[in-house]
Amino acid sequence: ISCGALYTLKVTAVNVAGESDPTIRQIEVGEPSSAPLHPTRTAITALSSLSIAWSDPLQDGCLSILHYIVNRDGSDLAGQITPSSNSFTDDISAAATYPLGTAITYKIKAVNIAGPSAYSVPLVVTVG
């Protein structure tokens with residue numbers, strides 16, 4: 001079995017009545033990637049927006065990265081980040097939620113068809 005190779009599997013069931021029709025599926029061999037690297041703050045506009053960026057994982061698990069997921073303060077955000085951008089701008093304009101001096105923790109994970117990676121190291125950014 002080669003990492004990253006596409007294989008076609010054929011499965012049948014056999015009992016005293018005979019053999020079933022085959023179920024055929026293709027699988028691509030690999031595993032989740034390693035975590036994205038070096039999350040950094042790239043820009044901040046007080047009470048408005050905050051931008052972060054990161055580097056690709058060291059290992060992609062022999063599978064293409066489909067997207068990235070950004071986690072803010074322990075919750076994954078709904079949007080998926082395309083692998084070509086490796087950056088995210090967060091709207092922090094809700095001043096009641098993110099007043100000056102608030103620390104926000106970001107983590108990023110990469111997702112391929114084998115599943116999500118571990119989170120990156122945390123990036124803590126203080127609003128202001």
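Just a few scattered comments:
- Checking every residue in region 19-26 against the condition of being modelled with pLDDT under 90 and surrounded by fewer than 12 Cβ atoms within 10 Å (Cβ to Cβ) gives at least one match.
- Contact annotation: residue pairs with Cβ atoms under 6 Å, 6 or more positions apart or on different chains, pairing a residue in region 7-25 that is in contact (Cβ under 8 Å) with a residue 12 or more places away in the chain with a partner that is of a type in the set (K, R), are L9/R25; P22/K10; I24/K10.
- Flag for I69 being more than 13 Å from the chain's Cα centre (by Cα) and surrounded by 13 or more Cβ atoms within 10 Å (Cβ to Cβ): no
- Scope region 107-119; condition open to solvent by less than 10 Å² (accessible area, probe 1.4 Å) and closer than 14 Å to P39 by Cα; matching residues: I108, A110
- Complete set of residues in region 45-57 that are touching a residue at least 24 places away in the same chain (Cβ under 8 Å) and either charged (D, E, K, R) or farther than 14 Å from K109 by Cβ (or both): A46, L47, S48, S49, L50, S51, A53, D56
- Segments classed as strands (runs of 3 or more DSSP E), wholly inside region 4-111, with at least 2 members that are in contact with a Pro (Cβ under 8 Å, 6 or more places away or on another chain) and among the small types (G, A, S): 49-55
- Within region 42-55, the set of residues being surrounded by 15 or more Cβ atoms within 10 Å (Cβ to Cβ) and either modelled with pLDDT of 95 or more or of a type in the set (S, T, Y) (or both) comprises S51, I52, A53, W54.
- S85 being among the polar types (S, T, N, Q) and surrounded by 13 or more Cβ atoms within 10 Å (Cβ to Cβ): no
- Test: T82 is within 11 Å of the chain's Cα centre (by Cα), at pLDDT below 95 and of a type in the set (V, I, T): yes
- Figure legend. Inter-residue proximity from region 111-124: first residues at positive phi, second residues surrounded by 14 or more Cβ atoms within 10 Å (Cβ to Cβ), beta-carbon distance below 6 Å, spacing 6+ or different chains. Indicated pairs: G115/P32.
- For G128, the conditions (1) under 10 Å from the mean Cα position of the chain (by Cα); (2) exposed (fewer than 14 other Cβ atoms within 10 Å of the Cβ) are fulfilled apart from (1).
- Odd one out for Q80, checked against (1) in contact with a Ser or Thr (Cβ under 8 Å, 6 or more places away or on another chain); (2) of a type in the set (S, T, N, Q); (3) open to solvent by 80 Å² or more (accessible area, probe 1.4 Å): (1)
- Given (1) modelled with pLDDT of 90 or more; (2) closer than 30 Å to V125 by Cα; (3) open to solvent by 60 Å² or more (accessible area, probe 1.4 Å), index of the condition N15 fails: (2)
The values are calculated or read from the model by the stated rules, or taken from the named source; none is laboratory data. This is a predicted model, so every value here is computed, not measured. Reconstructed Cβ throughout: ideal geometry from the backbone, glycine too, with neighbour counts over all protein chains shown. Calculation scope for accessible area: heavy atoms of the full protein, side chains included, ligands and nucleic acids excluded. Shrake-Rupley method; radii C 1.70, N 1.55, O 1.52, S 1.80 Å.
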